[in-house]
1. Restricting to region 26-59, give me the number of residues that are surrounded by 10 or more Cβ atoms within 10 Å (Cβ to Cβ) and among the charged types (D, E, K, R).
2. Regarding R79, is this residue more than 29 Å from A31 (Cα to Cα), outside the structural domain of S30 (by TED's automatic domain parsing), surrounded by 10 or more Cβ atoms within 10 Å (Cβ to Cβ) and within 20 Å of the chain's Cα centre (by Cα)?
3. Output the number of residues of region 10-39 satisfying the condition of being within 23 Å of L59 (Cβ to Cβ) and modelled with pLDDT under 75.
4. Which numbered condition trips up R70, out of (1) surrounded by 10 or more Cβ atoms within 10 Å (Cβ to Cβ); (2) over 29 Å from S35 (Cβ atoms); (3) of a type in the set (D, E, K, R)?
Amino acid sequence: MLIAENVNGVPAKEIKLAKILMDKPPPHCSAHSWSIYDQKTNTLLFGRMERERKEVASLTKIMTALVVFRLMDRYKIKRDELVPISGDAASVIGTSAELIEGDTLSIW
């Protein structure tokens, strides 16, 4: 039997992969919640507590890294430079870093 090249715009290879995935148990993951989502078909393939509301600590870390890299580029800061902590940075509420004005941190 010939398999159509596309079904509703989805390539046959992707349909075959999706069928294989759906016949398998979900992958092992130690995270409290996670999900694997197929954006093309708008389908949740696997998940654990995927609908539970969670804090976005990992996203915050990723955004912090992105901002640091952009500032390094803008101000020509090398990754081995020590950066001084300002009074504004030291007085931010909600951080657990316990920074003190005048402290220095390495970027890398």
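The values are calculated or read from the model by the stated rules, or taken from the named source; none is laboratory data. Everything numeric in this text was worked out from a predicted model, so none of it was measured. No Cβ is skipped: glycine too gets one built from the backbone with ideal geometry, and neighbour counts run over all protein chains shown.
1. 5
2. The answer is no for R79.
3. The qualifying residues number 2.
4. So the condition that R70 fails would be (2).
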